[in-house]
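These notes concern the structure reproduced below.
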Amino acid sequence: LRRGGLAERLCRLQNRERSAINFWRHQCISDAKISSDKSGVLIVKILEMFEECTIQVAICQQLQQTPATLSSEDAVVSAGEPILKVLFVRETAAQLKSRPQDVIHIYPPWQKLLLKNADVPIILNTYFSQKVLPSEHSETGEKVHSLAKMVIRRNIISLAQTFRLDDLDDELHQAGNQVACAPQIHNSCGSKQHSLAQSAVNDSLLEMVESQGAVGWREVKVRVVIQRVYCLPAREGYGSHFQGNKPLLSNRGMFCRLCLLVQDAYGMFSEVQLQSLSSAGDVEQYCRMWEGKFCCLAGMKILQRTTRGRALGLFSLIDSLWPPVVPVKVPGQSQGSEMRTTELPPPSFCYILTVQSDEIHVEVDKEEQISNLYQPPAVHGLKEILQMDGCNERCSFWAQVLYLRLQTKHTVPLNQREIWLFVTDSTLQNVAHMIPKVVAVSVAASCVLSTEITGGLDAASQRVFFKDALWGNGRIICVERTVLLLQKPLLCSAAGADLSELTGPVRLDELDSTTQANSICAVRGTVVGVNERTAFSWPTCDRCGNGKLELCPQDRGLLYCNQCSDTVISPVLKMQLEVFLSCPSRSQSTVKVKVCLCPRLFVLINSLLSLQSYEVQSVLGKEVGLLNCYVHSVTSHPNCVGLEEIVLL
């Protein structure tokens, strides 16, 4: 806020007002009696109550100044006393727990508003209000009042009525949406009210939030389109917001919850957080069943109202779905006149909704056709994505995973480390030298991976569909709300991209002056040295590969394997060492390759050393290549490249 500006002054005023109200309410609760100061106090008796736009409206009759001991039973209303319409905000109404025939004391600074063409004055600013309890047995009376649930009529005011649209159909439709609001009671009367309310369907999320309030709604359904289905991670204990739903512990050590990104007929978005899944792989099933379909939401409550500045990831996904592909309804305008969607500003806020109980309140019509408002993911080739100019843009693509690597920072817990997937596609394999043939995709710890993805990549190279990944600053990142699938979605827009599968062998970029750290490349060169100080070798079992062999108790000249419970006659010698190469492509750099276990360079050096009784001189001058290597580091002072030989999936 600008220092000394109107907004800052208003913020301070609101903070002082909230503090005064909270202090006054605390004082009323602790004193438990009516203040003796009667100057300027407005005393009213409630005749009728209803709720409208989250405000509780009480039709009251003003009483004369009476002693503080006057109770609701003693208050006598005469016909000549004026009728008032008193407005209470939700917090004040919850504190008063008032009902017809109650007497309320309203303390200054209340205000009276006189409207043109209206005979009943309106009383505003009623934060400092107190209900008069019976002088005797006040505690008993309060308990009786609290046990009896009050049925309050709730008027749903449509946007058409607010903007006075001359549309008879809208008026008739909204007339049927005015339903009674009452707590859910498990008897015949309650069930009738519930079934009556279930028949009303709205098409505006904002209208439902404004009319039903943040506590939630049960009486009216909202019809929306499911744009995306995904899982969000949640730490243990996060389920306390969801009243008993137990999230699933996913394969990366975090809880996950099924979520929907929905859009209403006016273009407004909302994120709905549902129940936990029996398996993280079920998200693929829900994507196929639900995306693009209409659904009705009921029994929702507002978990949070978030804005663009507080939820960049959510709004980057919303921006990828904006503007709508078809004209949407515009509040305050006749629905007959269509407005071009390009003229609409993108949403600046979004409501996070959740269910109020363990029941699922999402009704999806699986037989219904795909909505025209649905925008399937636009699939691009990797070459096209690398040439995008935007920042923090969502993108979807098919790619072949060649190699995966877990972040090696030991200070980061294992379940919070990011995973690097090195991928390629036909658009990269068939291009010239200026574009890399392999791209590194970072999978953040917040991205929920299904068991099918993790299990499939552990076994072999897979063709994976990356849906709604984030592109920016030259990197592709899988974050929250990114979904990785092994199967192609039923609906997707190819946009003319080349999505053909790879047919020939995969080619890597050769090591050169443009090679960067955290990439994979192909290396060829001549062995010029071996780091003997860091080299070591160890015997392993020729049957199971166990590297922790012991001396045989019966024969100290033999080795013994605990896993096989047998002696090892012909152990396999394995080693780890660093080899220095001279590479023509980087003649000015020292190229250091870490050799581990079974790659090609290890097999070559191991066989040469075995033939020459492990003399290092026997491997010098030998030419190697092409080797598949991961680039650990690239430094200029000293000019050195640190590599590790790898095996592709």
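The values are calculated or read from the model by the stated rules, or taken from the named source; none is laboratory data. Please read these numbers as outputs of a predicted model, since none were measured by experiment. Note that we place each Cβ from the backbone using ideal geometry, even for glycine, and neighbour counts take in every protein chain shown. Side chains included, ligands, DNA and RNA excluded: accessible areas come from the protein's heavy atoms. Shrake-Rupley method; radii C 1.70, N 1.55, O 1.52, S 1.80 Å.
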Could you list, in their original order, any pairs among 437/467; 437/592; 45/112; 383/467; 383/622; 293/467 whose Cα atoms are separated by more than 28 Å? 383/622
Where the accessible area of the stretch 378-494 is counted over protein heavy atoms with a 1.4 Å probe, how much of it, in %, is carbon and sulfur? 53
Evaluate 2.2 N^0.38 Å with N set to the residue count of the stretch 378-494, then give the Cα radius of gyration divided by it. 1.03
Estimated vicinal HN-Hα couplings, Hz - the stretch 282-292 in sequence order (Karplus 6.51, -1.76, 1.60; Gly, Pro = x): 5, 4, 5, 5, 5, 4, 5, 7, 10, 4, x
So, counting K/R as plus one and D/E as minus one, what does the shell of residues with Cβ under 13 Å around residue 400 add up to? +1
How about the stretch 489-595: which GluC sites (Glu not before Pro) there are in a DSSP loop, with at most 12 other Cβ atoms within 10 Å of their Cβ? 501
Separation of alpha-carbon centers, the stretch 530-601 and the stretch 96-122, rounded to whole Å: 87
The local net charge around residue 583, scoring Lys/Arg +1 and Asp/Glu -1 for residues other than residue 583 whose Cβ lies under 13 Å from its Cβ, equals 0
Place the peptides 201-207, 502-508, 319-325 in order of packing, highest mean first, counting for every residue the other Cβ atoms within 10 Å and averaging per peptide. 201-207, 319-325, 502-508
When the Karplus curve 6.51 cos²θ - 1.76 cosθ + 1.60 is applied with θ = phi - 60°, which whole-Hz ³J(HN,Hα) does each residue of the stretch 398-405 get, with x for Gly and Pro? 9, 7, 8, 7, 9, 7, 10, 8
